[in-house]
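The values are calculated or read from the model by the stated rules, or taken from the named source; none is laboratory data. Not measured: the values here are computed from a predicted model. So basically every Cβ, Gly included, is an ideal-geometry build from the backbone, and we count neighbours across all protein chains shown.
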Amino acid sequence: MAAAAAGAPNPNRRGTMVPYLSSHGGPLSGVAEVPGDKSISHRALILGTLAVGETVVTGLLEAEDVMATAAAMRALGAHVERRTDGAWSVRGVGVGGLKEPADVLDLGNSGTAARLIIGMLASHPVTAILTGDASLRSRPMRRVTDPLELIGARFTGRAGGRLPLAVTGTDDALPIEYEIPVPSAQVKSAVLLAGLNTRGQTRVIERTATRDHTERMLRDFGAMVEVTRREDGNHLVTLDGYPELRAADLAVPADPSSAAFPLVAATVVPGSTVTVPGICMNETRIGLLTTLGEMGAALSIENRRDEGGEPVADVTASTASLRGVEVPPERAASMIDEYPILASAAACAEGKTVMRGIGELRVKESDRLAAVAGGLQANGVTVETGDDWMVVHGTGGDVPGGGTVITHFDHRIAMSFLMLGLAARAPVRIDDARGIEASFPGFADLINGLGGRLAPLNAPAA
């Protein structure tokens with residue numbers, strides 16, 4: 001994909017769609033070095049900007065989404081550059097030190113960047129305008145702006161709080177206690193980032209624990225963050241305002257969401273064995289591995305260790321006969337990005353796989369629930385959907401394939417169906433692969449290096 005996607009234009013630019021074809025070949029084998037974790041990479045740049053001194057980040061994901069965050073941090077006053085040894089240097093401005101950007105902050109396709117940056121801006125006395133590509137401009141921001149208005153920030157945007165969005169931060173931020181209505185690490189993180197430049201304590205209540213990278217990293221930078229379990233079962237995150245964040249060296253582990261693609265491919269392609277080293281094994285991120293294990297996947301987890309404040313391990317997947325399961329709705333928070341690739345695995349399983357509590361998929365880079373259902377149906381797999389649920393009727397390892405998947409410029413839809421094509425009887429075509437580079441640079445090269453058969457099509461997309 002690197003060759004094709006070198007042309008993968010910034011999603012804000014017009015360009016010719018890049019259809020791709022995935023077809024069954026031989027088994028997959030080898031070591032898959034997947035990129036650094038995207039969630040952690042965004043947060044490393046943001047907290048490095050809010051710290052005093054130089055933060056050195058190794059393993060940073062060098063994809064369009066994260067580079068958009070790097071550019072935004074420069075515009076807000078930080079010195080951000082890639083060193084000759086491949087590490088990234090961030091010289092921060094400290095909490096309260098953000099400068100007003102001279103131009104619009106263009107965040108491309110990254111909802112994480114948009115929501116977290118809105119949070120950090122909310123408690124600084126600056127005005128900034130945020131925009132992004134067509135997909136990002138369609139995604140709701142009200143879930144973030146609603147609590148941030150309570151601290152004193154003001155927002156002017158399109159209907160539903162959508163981008164382009166003008167953010168006017170406050171110089172007298174009020175601490176709040178906010179209960180998140182829908183599980184969202186992005187909303188939690190936005191409120192906590194705003195709380196850094198707020199007097200007193202900021203409290204966030206979660207009914208379901210979401211990924212906790214922000215809390216872990218805040219502690220590494222010197223902030224006082226406490227996480228407790230209340231008597232009602234909810235999680236309470238408490239942050240003390242006005243810390244002096246100290247620069248910290250960070251190692252970004254491999255992204256479990258990216259690792260999911262070669263691991264699932266190895267599981268469903270006969271005769272395969274693939275190892276992904278250094279995966280982030282944070283318990284709020286490994287719902288897919290848990291689910292695959294329940295389905296009968298042959299997974300081996302070795303060399304457990306701690307790197308950069310996160311648990312890490314090497315994971316090996318080998319071919320296995322999968323069976324359908326019912327995924328508990330409370331697991332959605334730990335694997336919300338992995339449901340598209342889970343659906344590809346479920347299509348190859350025996351019996352039906354039931355997924356509930358996944359309404360969040362409808363407001364991602366695309367309506368992922370609808371996109372997954374459409375892609376499965378196009379390739380001969382029976383699927384049922386509702387507002388927040390999906391049932392995939394597995395084929396017992398005999399996926400017909402032969403269809404074209406409309407990706408809606410969504411990288412996870414594209415990669416998930418390319419993996420399905422490796423196990424299907426007939427090749428699977430995706431209409432556009434350009435979005436992949438924003439999340440997983442060199443994806444096709446990596447899969448083909450393991451023995452996969454992914455190739456661009458010269459013919460225009462249908």
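For the range 256-290, what are the residues that are assigned to a loop (DSSP other than H, G, I, E, B) and either among the hydroxyl-bearing types (Ser, Thr, Tyr) or not assigned by TED's automatic domain parsing to the domain that holds Ser23 (or both)? Break it down stepwise before answering.
The first filter runs over the range 256-290 and keeps only residues assigned to a loop (DSSP other than H, G, I, E, B), leaving 269-272, 281-286.
If the condition is that a residue be assigned to a loop (DSSP other than H, G, I, E, B) and either among the hydroxyl-bearing types (Ser, Thr, Tyr) or not assigned by TED's automatic domain parsing to the domain that holds Ser23 (or both), then Ser272, Thr284 are the ones that fit.
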Does Asp314 count as within 23 Å of the chain's Cα centre (by Cα), of a type in the set (Asp, Glu) and either on the phi > 0 side of the Ramachandran plot or modelled with pLDDT of 95 or more (or both)? yes
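Filter the range 126-159 down to residues that are within 20 Å of Tyr178 (Cα to Cα) and either surrounded by fewer than 16 Cβ atoms within 10 Å (Cβ to Cβ) or at pLDDT 95 or above (or both), then give me how many there are. Step through it out loud before you land on a result.
Restricting attention to the range 126-159, the residues satisfying the condition of being within 20 Å of Tyr178 (Cα to Cα) are 140-155.
Filter again for either surrounded by fewer than 16 Cβ atoms within 10 Å (Cβ to Cβ) or at pLDDT 95 or above (or both), leaving 140, 142, 144-155.
Adding up the residues that qualify gives 14.
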Would you tally the residues in the range 187-231 being at pLDDT below 95, among the polar types (S, T, N, Q) and within 19 Å of Ala113 (Cβ to Cβ)? 1
Of the residues Arg162, Arg154, Arg158, Arg139, which single one is touching a residue at least 40 places away in the same chain (Cβ under 8 Å), among the basic types (Lys, Arg) and out of contact with any His (no Cβ under 7 Å at 6 or more places or on another chain)? Arg139
Got at least one residue in the range 243-255 being modelled with pLDDT under 95 and of a type in the set (Lys, Arg)? no
Determine whether the range 220-243 contains at least one residue that is touching a residue at least 24 places away in the same chain (Cβ under 8 Å), in a helix (DSSP H, G or I), over 30 Å from Val399 (Cα atoms) and not assigned by TED's automatic domain parsing to the domain that holds Gly324. yes
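Determine whether Gly48 is over 19 Å from Ala438 (Cβ atoms) and assigned to a helix (DSSP H, G or I). First the steps, then the outcome.
Numbers: over 19 Å from Ala438 (Cβ atoms): yes; assigned to a helix (DSSP H, G or I): yes.
Yes; evaluated as a whole, the condition is true for this residue.
Report whether or not Ser300 is surrounded by fewer than 18 Cβ atoms within 10 Å (Cβ to Cβ), without any contact (Cβ under 8 Å) to a residue 40 or more places away in the chain and either of a type outside the set (Lys, Arg) or assigned to a helix (DSSP H, G or I) (or both).
On the way: surrounded by fewer than 18 Cβ atoms within 10 Å (Cβ to Cβ): yes; without any contact (Cβ under 8 Å) to a residue 40 or more places away in the chain: yes; either of a type outside the set (Lys, Arg) or assigned to a helix (DSSP H, G or I) (or both): yes.
Taking the combined requirement at face value, the residue satisfies it.
Looking at the range 355-462, what strands (runs of 3 or more DSSP E) fall wholly within it and have at least 2 residues that are touching a helix residue (DSSP H, G or I) at 6+ places or on another chain (Cβ under 6 Å) and more than 23 Å from Met295 (Cβ to Cβ)? Talk me through it step by step, then tell me what you get.
Values: elements: 382-385, 389-393, 428-430, 454-456.
Answer list for the range 355-462: 454-456.
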Residue satisfying all of: in the range 276-305; in contact with a Pro (Cβ under 9 Å, 6 or more places away or on another chain) and hydrophobic (A, V, I, L, M, F, W, C); farthest from Arg216 (Cα to Cα) among these: Val276
